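Participant: Quick one: the structure is below, and I'll ask about it shortly.
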């Protein structure tokens, strides 16, 4: 079971890395080209802002799944830190189960929203591309985040240690990395 979870986590991790990396690189190239055009040629790229908005959506939703994988998502731990191991374990299982269910539900809703955008054939103003193609990354990111929370749930149900994600155990967080 652990091997299967590891493989799933590895595959989704590879997808996340490529999408986030390419999105950030394209934002950098697009912004630099637009600035050069504006300052040296007195002409901006007409679709630059719109393209960056689409790339930010990609980085946000896929980056969220990546943050969950690395145990870097926002956590409220004031009460949690005061609990004993058993209570922390139960709470971790509950949090992972509820959050996985929520992510899958939101992915479901966003999938149907994307289908609605496809039906009405809405196009972006500057690039004139179908908006549904751009926003399809939202259900993808939510699904991958749901998968990571589900993996965390399985890891917490099958191991004594508390797992924040497949890759991160609660007591093995590097304090230096947590500050970043």
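The values are calculated or read from the model by the stated rules, or taken from the named source; none is laboratory data. No experiment lies behind these values; they were computed from the predicted model shown. Backbone-built Cβ (ideal geometry, glycine too); neighbour counts: all protein chains shown.
Participant: May I ask you to list pairs of residues, at least six apart or on different chains, whose Cβ atoms are under 9 Å apart, with the first in segment 15-32 being without any contact (Cβ under 8 Å) to a residue 24 or more places away in the chain and the second being in a helix (DSSP H, G or I)?
Facilitator: So the pair list comes out as 22/55; 22/58; 31/48; 31/52.
Participant: Being under 17 Å from the mean Cα position of the chain (by Cα) and assigned to a helix (DSSP H, G or I) narrows it down to one of 97, 67, 87, so name that one.
Facilitator: 67
Participant: In the list 91, 117, which residue meets the criterion of being modelled with pLDDT of 90 or more and more than 13 Å from residue 162 (Cα to Cα)?
Facilitator: 117
Participant: Same structure, new question: If you take the residues in segment 53-74 that are free of Cβ contacts under 8 Å to residues at least 12 places away in the same chain and exposed (fewer than 15 other Cβ atoms within 10 Å of the Cβ), which one is nearest to residue 124 (Cα to Cα)?
Facilitator: Only one residue fits best here, namely 53.
Here is a yes/no grid of residues against (1) more than 20 Å from residue 52 (Cα to Cα); (2) crowded, with 18+ Cβ neighbours inside 10 Å; (3) free of Cβ contacts under 8 Å to residues at least 12 places away in the same chain:
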position	(1), (2), (3)
119	yes, no, yes
126	no, no, no
141	no, yes, no
147	yes, yes, no
159	yes, no, yes
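Participant: Here is a list: 74, 8. Which entry is at negative phi and in a helix (DSSP H, G or I)?
Facilitator: 8
Participant: A further question follows. Quick check on this structure: which one of 30, 42 is modelled with pLDDT of 90 or more, farther than 18 Å from residue 163 by Cα and part of a helix (DSSP H, G or I)?
Facilitator: None of the others qualify; the one that does is 30.
Participant: Same structure, new question: Check whether at least one residue in segment 9-24 is surrounded by 15 or more Cβ atoms within 10 Å (Cβ to Cβ) and more than 14 Å from residue 62 (Cβ to Cβ), and report yes or no.
Facilitator: Yes, some residue in segment 9-24 is surrounded by 15 or more Cβ atoms within 10 Å (Cβ to Cβ) and more than 14 Å from residue 62 (Cβ to Cβ).
Participant: Would you point out which residue out of 176, 128 is under 23 Å from the mean Cα position of the chain (by Cα), more than 25 Å from residue 18 (Cβ to Cβ) and modelled with pLDDT under 95?
Facilitator: Just one listed residue meets the conditions, 176.
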